[in-house]
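What follows is a short report on a single structure.
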Amino acid sequence: MTSSPPVKLDLRAWVKPGDAVVVSQGLGEPYGLTQQLVSQRHALGPIDVFLGPGFDSAFDASCADTLRLQSWCATGSNAQLAAAGVLDMVPDHYIELGPLFESGAMRCDVALLSASGPDAQGRLFLGLNVDYTLAAARRARVVILEVNEDWPCVPGAELPADIQPSLVVRTRRPPTPMGGESAPANEADQAIARYAAGLIDDGATLSLGVGNLPDRVLQALMNHRDLGIHSPILVDRVVDLIEAGVVTNARKGLDRGVTVAGLLMGGTRLLDFVRQRPPLRLAPPSYTHALCTLAAQPQFVALTGALEVDLTGQINAETAQGRYVGAVGGQLSLLRGARASKGGQAITLLPSTARGGTVSRIVPRLADAVVTTPRCDVDKVVTEFGVADLRGKGLMARVEAMVRIAHPDFRDALAQEGERIARLAR
């Protein structure tokens, strides 16, 4: 695949001072357009830019001299923006971002979107993502598409007829990379994956996250059968499971036989597989995260992560060491969907310690008083030391279960703190 020359476009004809600009996220960042936005920012004047997580994005901390950067997530290339203190976080549920744009509570004057195609019927597709940018584009004064002819045209991502681009630029380039292979497996990650895989039955439908732990769990599922995928994201490792006959989607309650996701978040392996036109459909958050959709999938398993979990099961997936590093995202929507599914499971994965084993990630109280998911919505927490099943348990039993899966170096101190919490139950 060869890359085309850089996009050249005078954005002053389209972007005005004070505008709110929304940009396609993830691997689908329209890099030619965002490069131009960054390089022309001083001529454009102060503008607001709403980003999703990127991977080798055009945006860095120096852009904040003119651009007011905002996002729902501090992962990927957004991490360095958050660390520099130039990224304003929107702590809303991922499923709510579209409605917030639709209502005008969040503004979009200019939408910079990636696209792919045209296909044999002349249709354009929304590149690698179907997400809140659709709702944002419907409210925009200007919609600019960066169409990449080398990207796959994925069913479900067809450009809706009611979104009429103001301008189309064409390019040829590979997607921006995610940043290399997963880190080498360590004993803790492998143990977590074994415990989690042991909870999952044949025929279950999985929702996945990005990162080493979900990837290790997928590796540990190679001897399972008839698994399904209904997930916010699709990653390279799913291709292994499909080609091995592990993922068939044969027992799904909805979309039987079809893998459903919102974003493609893999590399060359995933995109080459998608080009072969497997039974795959992209869908917006209003479908991938909807309670009614998830409840209709029997044995729906939501695999999510955490930065820390307290002794009663509350989850912080947003901050660490006083800094924003995560997101509210879709965690609560997915966990509630799993609880509503017949035979479903909400499984939270985390290593027991951080910073080289010096800090426990099971804590008496969450840092910064941040509760991403309340304890009433948490089912099972998995560390390398086992599974804490919190369903139907009182405070005393929850504390005991969480102490058992903490690192041995911290159990005594946690148990002492747990006594104070348990007294609330007496």
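The values are calculated or read from the model by the stated rules, or taken from the named source; none is laboratory data. Everything quoted here is computed from the prediction, not taken from an experiment. FYI the Cβ positions are ideal-geometry reconstructions off the backbone, even for glycines, and counts take in every protein chain you see. Quick note on the areas: whole protein, heavy atoms, side chains included, nothing else; ligands and nucleic acids left out. Shrake-Rupley method; radii C 1.70, N 1.55, O 1.52, S 1.80 Å.
For the stretch 78-115, what are the residues that are assigned to a loop (DSSP other than H, G, I, E, B) and open to solvent by 20 Å² or more (accessible area, probe 1.4 Å)?
Selection gives A84, G85, V86, P91, D92, H93, G104, A105, M106, R107, D109.
Would you be able to say whether some residue in the stretch 236-250 is on the phi < 0 side of the Ramachandran plot, of a type in the set (V, I, T), open to solvent by 30 Å² or more (accessible area, probe 1.4 Å) and touching a strand residue (DSSP E or B) at 6+ places or on another chain (Cβ under 9 Å)? Yes: one or more hits. Is there a residue being part of a strand (DSSP E or B), touching a Cys at 6+ places or on another chain (Cβ under 9 Å) and modelled with pLDDT of 95 or more anywhere in the stretch 315-334? Looking through the stretch 315-334, at least one residue is part of a strand (DSSP E or B), touching a Cys at 6+ places or on another chain (Cβ under 9 Å) and modelled with pLDDT of 95 or more. Going by the structure shown, is G392 open to solvent by less than 30 Å² (accessible area, probe 1.4 Å) and of a type outside the set (D, E)? In short, no. Do we have L294 as modelled with pLDDT of 95 or more, in a helix (DSSP H, G or I) and buried (at least 20 other Cβ atoms within 10 Å of the Cβ) here? Judged against the criteria, L294 is a match. When you look at D162, is it touching a Pro at 6+ places or on another chain (Cβ under 8 Å) and in a loop (DSSP other than H, G, I, E, B), yes or no? In short, no. Here A61 passes the criteria (1) modelled with pLDDT under 95; (2) farther than 17 Å from A327 by Cβ except the one numbered (1).
Is it the case that some residue within the stretch 349-359 is open to solvent by 20 Å² or more (accessible area, probe 1.4 Å) and of a type in the set (S, T, N, Q)?
Of the residues in the stretch 349-359, the ones open to solvent by 20 Å² or more (accessible area, probe 1.4 Å) are 351, 353-359.
If we keep only those that are of a type in the set (S, T, N, Q) too, we end up with 353, 358.
Checking the stretch 349-359: at least one residue is open to solvent by 20 Å² or more (accessible area, probe 1.4 Å) and of a type in the set (S, T, N, Q).
Scanning the stretch 404-426 for residues that are touching a Phe, Trp or Tyr at 6+ places or on another chain (Cβ under 9 Å) and assigned to a helix (DSSP H, G or I) returns R404, P408. Residues in the stretch 311-323 that are open to solvent by 10 Å² or more (accessible area, probe 1.4 Å) and in contact (Cβ under 8 Å) with a residue 60 or more places away in the chain: Q314, E318, R323.
Which of the residues spanning the stretch 236-261 are more than 15 Å from F273 (Cβ to Cβ) and of a type in the set (D, E, K, R)? Across the stretch 236-261, the qualifying residues are R251, K252, D255, R256. Residue count for the stretch 297-314, restricted to those that are out of contact with any His (no Cβ under 7 Å at 6 or more places or on another chain) and in a loop (DSSP other than H, G, I, E, B): 8. Looking across the stretch 207-235, the residues that are more than 16 Å from H289 (Cβ to Cβ) and open to solvent by less than 10 Å² (accessible area, probe 1.4 Å) come down to V217, L218, L221, L227, G228. Any residue in the stretch 368-380 that is surrounded by 19 or more Cβ atoms within 10 Å (Cβ to Cβ) sitting within a Cβ distance under 6 Å of a residue that is of a type in the set (A, V, I, L, M, F, W, C) and not in a helix (DSSP H, G or I)? List the pairs, counting only those 6 or more apart or interchain. Note: pairs meeting the criteria are T372/I315; T372/A317; T372/V328; T373/I315; V378/L390; D379/A346; K380/I347; K380/V387. Scanning the stretch 132-157 for residues that are open to solvent by 10 Å² or more (accessible area, probe 1.4 Å), in a loop (DSSP other than H, G, I, E, B), modelled with pLDDT of 95 or more and within 28 Å of R12 (Cα to Cα) yields R139, A140, R141.
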